[in-house]
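The values are calculated or read from the model by the stated rules, or taken from the named source; none is laboratory data. The model shown is predicted, which means the values in this text are computed figures rather than measured ones. As a convention, Cβ positions derive from the backbone with ideal geometry for all residues, glycine included, and neighbour counts pool all protein chains shown. Accessible surface is based on the protein model in full, side chains and every heavy atom, while ligands, DNA and RNA are left aside. Shrake-Rupley method; radii C 1.70, N 1.55, O 1.52, S 1.80 Å.
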Amino acid sequence: GDPGFITPQMFGAKGDGVTDDTAAIQAALDASSYVYIPDGTYMINGYRAWYTDPESGGIHPRSNQTIVLSNNALLKAITNSTGFYNVINIVGVENVHIKGGKIQGERTTHTGTADEHGYGVHIIGSKNITIEQMEVFECWGDSIIVGYIGEVNSDNVKIYNCKLHSSRRQGISIVGGTNVVIRDCEIFN
């Protein structure tokens, strides 16, 4: 059965702004349908190989999952040179609800010059996804992108009360979606 309330710390996450906590957070996501991420700065390895591997990089919510971040929980992309990364990578799943916290890309420390596909929240080929009360900023590409994988658009995506700013490309891009609602968001810089 589902063990219920889980934190990444139960799997060794440090949240110290130095340690790569990607695997620890993923272990928590793999263990429970409800994950709470407490205060801290969690370094995330979002690296993925070009367009050929959209499922790599970052942390991957499962279907039927709720993730709640405290107000001072920050998922921070580890500096890289690739134009492709994802902090939260929502691919081919359904019924995911993510609420609170912050995601910071690595725009200000990025070491490459090419491409523009570094995302805070990457939602592709997924349905019934809600992102709310989250701040996503300083990504190499978009703070949030909603798109498709193969011939499958994302469907029924809700983005509510988010603050999306200071990313290199856009606050949000919709490149493949049906029934997408963006409400009460601040999108700037």
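Applying the selection to the stretch 59-77, what residues are of a type in the set (S, T, N, Q) and open to solvent by 30 Å² or more (accessible area, probe 1.4 Å)?
Within the stretch 59-77, SER63, ASN64, THR66, ASN71, ASN72 meet the criteria.
Would you confirm, using the coordinates I've provided, whether LYS99 is open to solvent by 30 Å² or more (accessible area, probe 1.4 Å) and either within 21 Å of SER167 (Cβ to Cβ) or touching a residue at least 40 places away in the same chain (Cβ under 8 Å) (or both)?
yes
Every residue in the stretch 151-171 that is farther than 12 Å from ILE131 by Cα and open to solvent by less than 60 Å² (accessible area, probe 1.4 Å), please.
Answer for the stretch 151-171, where residues must be farther than 12 Å from ILE131 by Cα and open to solvent by less than 60 Å² (accessible area, probe 1.4 Å): SER154, ASP155, HIS165, SER166, SER167, GLY171.
Scan the stretch 106-134 for residues that are in a strand (DSSP E or B), without any contact (Cβ under 8 Å) to a residue 60 or more places away in the chain and small (Gly, Ala, Ser) and jot them down.
Listed by number, the list holds a single entry, GLY120.
Within the group ILE103, ILE88, which residue is assigned to a strand (DSSP E or B), under 11 Å from the mean Cα position of the chain (by Cα) and over 17 Å from ARG168 (Cβ atoms)?
That would be ILE88, the only listed residue that is assigned to a strand (DSSP E or B), under 11 Å from the mean Cα position of the chain (by Cα) and over 17 Å from ARG168 (Cβ atoms).
For residues that are within 12 Å of PHE188 (Cα to Cα) and part of a loop (DSSP other than H, G, I, E, B), tally how many sit in the stretch 135-175.
Count: 6.
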